[in-house]
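The values are calculated or read from the model by the stated rules, or taken from the named source; none is laboratory data. Computed from a predicted structure; not experimentally measured. Here the Cβ is made from the backbone with ideal geometry for all residues, glycine too, and neighbour counts use every protein chain on show. With ligands, DNA and RNA removed, areas are computed over all heavy atoms of the protein, side chains included. Shrake-Rupley method; radii C 1.70, N 1.55, O 1.52, S 1.80 Å.
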Amino acid sequence: MNSVALLGLRKRVVDKISHFFVIRRRLCSHTFDGNNGFECIEEPLKKIVSDFDSTLDERINDSNCDQKPFSLRKGFLDSVKLDAKKALEVLRQDGPGLDARLILEELSIRPSGILVREVLFGILKSINTENKTRCAKLAYKFFVWCSQQEDYRHTANAYHLIMNIYAQCKEFRAVWRLVDEMIEKGYPATARTFNVLVRTCGEAGLAKTLVERFIKSKNFSYRPFKHSYNAILHSFLVLNQYKLIEWVYEQMLLDGFSSDVLTYNIVMYAKYRLGKVDQFHILLDEMGRNGFSPDFHTFNILLHALGKGDKPLAALNLLNHMRETGIEPTVLHFTTLIDGLSRAGNLDACKYFFDEMIKNGCMPDVVAYTVMITGYVVAGELEKAQGMFQEMLSKEQVPNVFTYNSMIRGFCMEGKFDEALSMFKEMEKKGCSPNSVVYITLVDCLRNAGRVADAREVLRQMMETGKYAHLLSRFKGFKM
């Protein structure tokens, strides 16, 4: 069955719109570079639930901080950050002849949730291939020392942070020991715990075993999700584990658990990423039978599918239907659709919906403008891309690194290397730091055009940032 009924609608509505909502597997049969253009769908869906175990909880749990006026709180936080900096310096010096724990006590550093977070996060950020064993040891030494101090008790967030450190350091058994210790001390394993563990088990090939263990565990707290399966599905979405989403969903149905809108959105998105759009009708029909209606995220997925399938008329009908059901299309919905149409090469439809967005009172943001600019650049229509760039500036929208990269690529494609270099300098003056894609684009294009001196200068600037040493292998044999 190739036609797909719009999900969650009663039969009369399905009959009304089924003639335009047709999506086939071929829409996802080809790949795109970058992140495959799914950011408009993926990021909002990943952030659909707030993390109850976020680091913000540490500030809430610290009564000494919250009960003080703002100026005193700020002073307290500054003091804690200074102590964290001292603690990190001491830990880095730990070794034969210097016991970090004794020095920490001599400095009268008082453990708190915020201090532990700052120190562990500092260690986490410093991990690399050379120091991972040492980082794991120092983190644990500090973690144990804090637990031995009077009037301090580790939080679940502290356990999650050190688990992340061990996961980064490939100390997989230690991660599991910490989970057991955390549960023994009365902390439930939450969706965030699962996120940490599945990253670890992904490399060890134990993800399915982990899921089974968590589903059956009485200590698995799946707040703020409806049930444990949703927590697990959302975790796999965050980790881009789309095949495992399919498998968990199948287990969920076998165990007799019912789906909700979040479940359907995650599974539908996973099918989309796996190129199984022809299976949408199964989910849509099932959702409708269970009495659920599409929400903000559902429509976002459907609009991108229609855009990539070059179905502008169907997309227009879907936008109208959204309004009929009380969901007013936002900038995100229009941008998602335009991005899909751009990837299908239908720039006329892109411009139409861009103008419709404005007519409907949705002011385009930097992402919307960047999608349009990128579409024009890819199509070789540099003048239109420049026009859109200038319009963006006139509307006081600040270009981001992706906007600049598209413009630089467009100039290089047209052989306008002076303009490309000028744009490169402009973004730096405006405080927008080039990313690796910008450097690669510019160096490759300049080198291929025989402008070796300019390419070397860009490469030199890249090395001065200290961020992209790993790119040197790409330019092997290219003397600076």
Checklist entry - Can you work out the FRET efficiency for the pair TRP247 and SER108, with r the C-beta to C-beta distance and R0 = 60 Å, to the nearest 0.05? => result 0.70
Item to check | Net charge over other residues, Cβ less than 15 angstrom from the Cβ of ASN131 (K, R count +1; D, E count -1) | outcome: +4
Item to check | Net charge over other residues, Cβ less than 10 angstrom from the Cβ of TYR404 (K, R count +1; D, E count -1) | outcome: 0
Item to check | Ranked by how many other beta carbons lie within 10 Å on average, peptides 365-373, 107-115 from highest | outcome: 365-373, 107-115
Next on the checklist: Per residue, how large is the accessible surface of the stretch 328-387? Use a 1.4 angstrom probe and give square angstrom.
Outcome noted: 39
Checklist outcome for this item: Checking the stretch 409-449 for GluC sites (Glu not before Pro) in a loop per DSSP with at most 16 other beta-carbon atoms within 10 Å yields GLU414
Checklist entry - In percent, how large is the relative contact order of the stretch 363-406, given Cα pairs closer than 8 Å and 6 or more residues apart? => result 49
Item to check | Heavy-atom accessible surface of the stretch 79-225: percent carbon and sulfur, 1.4 Å | outcome: 48
Checklist entry - Using mean Cβ contacts within 10 Å as the protection proxy, how do 182-195, 242-255 order, highest first? => result 182-195, 242-255
Item to check | Solvent-accessible surface ranking, highest first, for TYR229, TYR140, TYR152 at 1.4 angstrom | outcome: TYR140, TYR152, TYR229
Item to check | Over 26 Å (Cα to Cα) - which of LYS170/LYS276; LYS384/LYS429; LYS308/LYS429 fall in this group | outcome: LYS170/LYS276; LYS308/LYS429
Item to check | Size of electric dipole in the stretch 407-457: Cβ of Lys, Arg +1 and of Asp, Glu -1, about Cα centre, debye, nearest 20 | outcome: 80
Checklist entry - Among THR374, CYS445, SER406, which residue has its Cα positioned farthest towards the positive end of the charge dipole of the stretch 349-452, with +1 placed on the Cβ of Lys and Arg, -1 on the Cβ of Asp and Glu, and the dipole taken about the Cα centre? => result CYS445
Checklist entry - Normalised by the number of residues in the stretch 112-234, what is the relative contact order in percent for Cα pairs under 8 Å and 6+ residues apart? => result 21
Next on the checklist: Averaging over every viewing direction, what projected area does the convex hull of the Cα atoms of the stretch 173-313 cover, in nm²?
Outcome noted: 9.3
Item to check | Residues ALA453 and ASP260, FRET efficiency given R0 of 56 Å [Cβ-Cβ distance, rounded to 0.05] | outcome: 0.40
Item to check | Dimensions in Å of the stretch 272-341 - Rg and Dmax from alpha carbons | outcome: 11.9, 32
